[in-house]
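One structure is given below, encoded as structure tokens.
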Amino acid sequence: MPSPRIKNITAALLETPLYQPFITSQGQADMGRCVAIRLALDDGREAFGEASPVTYVTQETIESVRKAVERAAPQLIGMEVLRYREVVRVIQAVAPAEPSARCGLEMALLNAWSLASGLSLAQLWGSATDAVETDITIPITSDVGDLALLAWQAGIQTFKIKVGGGANLDADYARVAEVCSAAPSARIRVDANQAYTVSQALEFVNRLVANGVNLELLEQPVPQEDFKGLAEVAENSPVPVFADESAQTPAHALRLAQTAVQGFNCKVNKSGIFGVLDIIAIAKGAGRKLMLGCMLETRRSIALSLALACGTGAFDYIDLDSHLLLNEEGQNPFFHQLGGRMSVEFPMEG
């Protein structure tokens with residue numbers, strides 16, 4: 001099969017409004033902003049990718065991603081998309097410390113591979129399942145009960161609640177309690193985005209459990225560089241502790257796998273797509289659990305992560321919900337969703 005070659009790569013800013021401000025312990029977002037990447041092939045077809053950088057996580061910005069794409073483009077032109085691993089090696093060499101930029105380029109490349117091969121990305125990664133069940137994130141806001149009730153009525157049964165706003169444990173507890181009151185049967189996950197100390201994290205999670213909250217896990221309670229503190233929370237927590245910002249690279253995952261930390265939250269914009277694949281291998285070898293999450297990504301980007309989840313079947317928890325927070329125009333052409341169930345369609349042969 002002749003392999004199409006990369007003819008051109010361009011990048012442009014894409015902004016998408018949120019239904020309401022998205023507030024975490026790290027600040028507020030009023031708009032989803034990403035770098036939309038267009039990869040043109042020499043057979044006339046085009047493929048697309050997106051990079052959604054979050055500066056406090058990877059130190060990247062929209063402008064730094066755009067410059068990385070411009071830097072990579074001349075080295076990628078002329079390469080064969082069916083030999084995608086060779087292209088990925090070049091991308092990694094050009095942007096070794098820019099995972100979001102790598103993610104956008106890798107996404108465009110893999111979508112081009114899919115066009116050229118006639119196979120879906122879920123098939124590339126093994127077609128382990130055709131559907132997964134996602135949670136929805138409840139930000140730090142005054143109407144968490146209303147948001148939870150709307151999501152529950154729409155069929156979503158798991159909530160990831162952002163906590164740590166001002167490290168006010170009583171206020172955090174009250175918001176979790178309000179969500180539980182609105183949806184008493186819901187499964188609950190809490191995410192502090194680095195806002196707590198070790199003692200605050202343990203006090204908070206023990207209080208939730210003691211009061212009967214159906215708590216599945218605690219995510220990134222302490223600052224990302226505090227590996228010792230994260231391990232201490234994991235050793236003493238009554239529920240599993242997952243690393244997010246602390247688990248940016250495969251090297252981080254290897255380090256954490258030697259501690260009591262029970263799981264890693266993987267994100268393609270945090271580690272690059274192929275970085276996530278490496279982290280999967282490390283987690284499986286070390287007997288750790290995996291979550292697949294997202295930044296403020298559009299439906300196109302979420303579709304890539306959904307294919308990764310369905311293809312590999314590697315993830316114990318799914319947090320692919322940013323498209324539910326963004327006010328995108330039109331119908332979703334990339335995947336199917338009913339309540340929390342997200343599914344991909346596999347092409348039929350013959």
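Each reported figure results from applying straightforward, stated rules to the coordinates on display, with no laboratory input. These numbers come from a predicted model, not from an experiment. Every residue, glycine as well, gets a Cβ built from its backbone with ideal geometry; the counts of neighbours run over all protein chains shown.
List the residues whose amide H sits under 5 Å from the amide H of His336, counting only those 5 or more places along or on another chain, with H placed 1.01 Å from N in the peptide plane.
Correct list: Ser343.
Quick one: 3J(HN,Hα) in Hz for the range 31-37, Karplus 6.51/-1.76/1.60 with θ = phi - 60°, rounded, Gly and Pro as x.
Result, ordered by residue: 8, x, 10, 9, 9, 8, 10 Hz.
Helix 62-76 against the longest principal axis of the chain: what's the angle in degrees, Cα atoms only, rounded to the nearest 10?
Approximately 30 degrees, to the nearest 10.
Starting from 0.36 nm per residue, how many nanometres of slack lie between Leu150 and Leu254 once their C-alpha separation is accounted for?
Extra length available between Leu150 and Leu254 comes to 33.5 nm.
With everything on Cα atoms, drop me the angle between helix 273-286 and the longest principal axis of the chain, reported from 0 to 90° to the nearest 10.
So the helix axis and the longest Cα principal axis differ by about 50 degrees.
Using the Karplus equation 6.51 cos²θ - 1.76 cosθ + 1.60 (θ = phi - 60°), what ³J(HN,Hα) coupling, rounded to whole Hz, does each residue of the range 90-103 give in order, writing x for Gly and Pro?
Whole-Hz 3J(HN,Hα) from phi for the range 90-103: 5, 4, 5, 6, 6, 10, x, 10, 10, x, 5, 4, 4, 4.
Treat each spin label as a single point 7 Å out from the Cα along the C-beta direction, and report the Arg71 to Glu329 distance in nm.
If labels sit at Arg71 and Glu329, their model points lie 3.4 nm apart.
Using each residue's phi in the range 55-61, evaluate 6.51 cos²θ - 1.76 cosθ + 1.60 at θ = phi - 60° and report the 3J(HN,Hα) Karplus result to the nearest Hz, with x for Gly and Pro.
With the stated coefficients, the range 55-61 comes to 4, 5, 8, 10, 6, 8, 10 Hz.
Non-local amide H neighbours of Asn8 (under 5 Å, H modeled in plane, Pro and chain starts lacking H): which ones?
Here the answer is Ala40, since their amide H atoms fall under 5 Å of that of Asn8.
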